[in-house]
Amino acid sequence: MPATIDLQQMTTPGKLRLMEDRDLSVKEVSSPAWHGDVLAERDRLIASGEEKFVDWETAKRQLREELQ
C-alpha cells in the first residue's frame with residue numbers, strides 16, 4: 001500500500017526532494033491538442049496589434065483598480 005503525503009504540510013525543500021526522488025521533475029508532460037491553437041491565436045492577435053503586453057507592475061495596478 002503506497003504511503004500518502006499531505007503536500008500542504010510539506011516544506012518547499014521537502015517537496016523538491018520528493019520530486020527528485022520520484023523522478024517527477026523529468027516526467028514528460030504533453031500539452032493538450034487545443035493548446036497549440038490557443039497559442040497560434042494569441043500570436044496572431046499580437047502580430048495584428050489587437051493585443052499588447054504590459055509590464056507586470058502596470059498589470060497589477062490595473063487588476064487592483066478593476067477589483068475595487
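Annotations
- Where GluC sites (Glu not before Pro) fall in DSSP loop in segment 32-63, at most 13 other Cβ within 10 Å: 50, 51
- Relative to the 2.2 N^0.38 Å rule of thumb, the chain has a C-alpha radius of gyration ratio of 1.81.
- Computed FRET value (nearest 0.05) for residue 8 with residue 65, which takes r as the C-beta separation and R₀ as 30 Å: 0.40
- Estimated from helical segments only, the mean residue ellipticity of the chain at 222 nm is -18000 deg cm²/dmol, where each DSSP H run of four or more residues counts as -39500 (n - 2.57).
- Each of 34, 8, 46 was scored by the projection of its Cα onto the charge dipole of the chain, and the greatest displacement toward the positive side belongs to 8; charges sit on the C-beta of Lys, Arg, Asp and Glu.
- Simple point charges give the picture: +1 on the Cβ of Lys and Arg, -1 on the Cβ of Asp and Glu, and for the chain a dipole about the Cα centre of about 220 debye.
Since every read-out is calculated from the coordinates, none of them should be taken as a lab result. The model shown is predicted, which means the values in this text are computed figures rather than measured ones. A quick note on method: Cβ atoms are made from the backbone with ideal geometry, for glycine too, and the neighbour counts reach across all protein chains shown.
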